[in-house]
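Structure first, then comments.
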Amino acid sequence: MRHTTLLIVDDNPVIRQGLRSLFDAEDRIEVVGEASTGAEAIRWVRKYSADVVLMDIRMPIVDGIRATAEILRIRPEAKILILTVSEDPRDLARSLHAGAKGYLVYSRFAPEELLNAVYAVASGEEIPPSPAVVLALADLPEDESRAQFLQDHPRVDPLTARETEILDLIAEGRSNAEIAQSLAIEEKTVKNHITRLYSKLNIGSRYEAIRLRLLHLR
């Protein structure tokens with residue numbers, strides 16, 4: 001089975017070593033590089049590639065959010081997973097806007113959840129947001145970004161009752177499997193509904209779906 005290759009980006013060497021130890025114990029994950037700043041990560045990506053980039057936010061020289069945007073400009077196919085201590089909703093919003101595929105907050109997840117998130121991101125799947133992330137999305141301020149977000153995501157067609165039901169469950173942070181169980185339908189059917197509601201809402205991720213749902217509730 002093909003390895004999932006990983007670049008670890010964090011300015012704390014202790015954290016990098018801890019993460020490397022976790023992933024080295026996994027047969028299907030190979031850590032192929034480390035970087036201590038966003039600038040170093042950008043230089044690394046110009047020369048090499050990794051399936052997943054684990055990205056800290058608060059680093060010297062170039063922070064993780066700016067590095068995320070630049071890496072995706074260089075390699076649009078890159079999959080970046082934010083791993084941070086920050087629960088600031090503005091950091092969350094900026095990270096997702098930059099193109100990160102997920103946002104994990106230290107102390108809010110178990111090692112198994114991090115491993116599953118890496119595998120999911122590598123295979124192109126979505127990561128159900130953690131409760132902490134859902135709360136952060138709910139706490140985003142109602143400033144000019146609210147109007148801009150709604151303007152950028154016009155509703156093309158009305159949602160069906162089932163699609164609305166699924167959107168509500170997504171906004172609770174439920175996974176596809178949990179939604180399928182809750183509605184007593186197949187997981188494949190859930191995925192089909194999600195694809196259609198994304199198209200109708202002009203969105204591309206669970207995070208945008210939750211943000212849009214929360215904004216319409218206000």
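Structure notes:
- Filter result for Ile61 (of a type in the set (A, V, I, L, M) and surrounded by 15 or more Cβ atoms within 10 Å (Cβ to Cβ)): no
- Check on Ile8, of a type outside the set (Asp, Glu), assigned by TED's automatic domain parsing to the domain that holds Glu77 and under 21 Å from the mean Cα position of the chain (by Cα): yes
- Condition broken by Leu22, with the remaining ones in (1) in contact with a Phe, Trp or Tyr (Cβ under 6 Å, 6 or more places away or on another chain); (2) surrounded by fewer than 22 Cβ atoms within 10 Å (Cβ to Cβ) satisfied: (1)
- Any hit, segment 23-36, residues being outside the structural domain of Glu208 (by TED's automatic domain parsing), under 27 Å from Glu208 (Cα atoms) and of a type in the set (Val, Ile, Thr): no
To keep it simple, each residue is scored yes or no on (1) assigned to a loop (DSSP other than H, G, I, E, B); (2) closer than 19 Å to Pro76 by Cα; (3) modelled with pLDDT of 95 or more.
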{"position": "Met1", "(1), (2), (3)": "yes, no, no"}
{"position": "Thr5", "(1), (2), (3)": "no, yes, no"}
{"position": "Ile8", "(1), (2), (3)": "no, yes, yes"}
{"position": "Asp27", "(1), (2), (3)": "yes, no, no"}
{"position": "Glu30", "(1), (2), (3)": "no, no, no"}
{"position": "Glu34", "(1), (2), (3)": "no, no, yes"}
{"position": "Ile42", "(1), (2), (3)": "no, yes, yes"}
{"position": "Val45", "(1), (2), (3)": "no, yes, yes"}
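- Residue match in segment 107-114 (condition: at pLDDT 90 or above and in a loop (DSSP other than H, G, I, E, B)): no
- Scan segment 64-102 for residues that are part of a loop (DSSP other than H, G, I, E, B) and modelled with pLDDT of 95 or more and the total you get is 0.
- With respect to the stated conditions, Asp51 fails to be among the charged types (D, E, K, R), more than 15 Å from Ile15 (Cα to Cα) and surrounded by fewer than 21 Cβ atoms within 10 Å (Cβ to Cβ).
- Selection within segment 101-123: residues that are more than 19 Å from Leu214 (Cβ to Cβ) and within 11 Å of the chain's Cα centre (by Cα). The member of this set that is surrounded by the most Cβ atoms within 10 Å (Cβ to Cβ) is Val118.
- Here Gln181 does not qualify as among the polar types (S, T, N, Q), at pLDDT below 90 and surrounded by fewer than 16 Cβ atoms within 10 Å (Cβ to Cβ).
- On the stretch given as segment 63-79, residues that are in contact with a Lys or Arg (Cβ under 6 Å, 6 or more places away or on another chain) and either closer than 17 Å to Ser36 by Cα or free of Cβ contacts under 8 Å to residues at least 24 places away in the same chain (or both) total 1.
The values are calculated or read from the model by the stated rules, or taken from the named source; none is laboratory data. The structure displayed is predicted, hence computed values, not measured ones. When we count neighbours, we look across all protein chains shown, and the Cβ atoms used for this are built from the backbone with ideal geometry, even at glycine.
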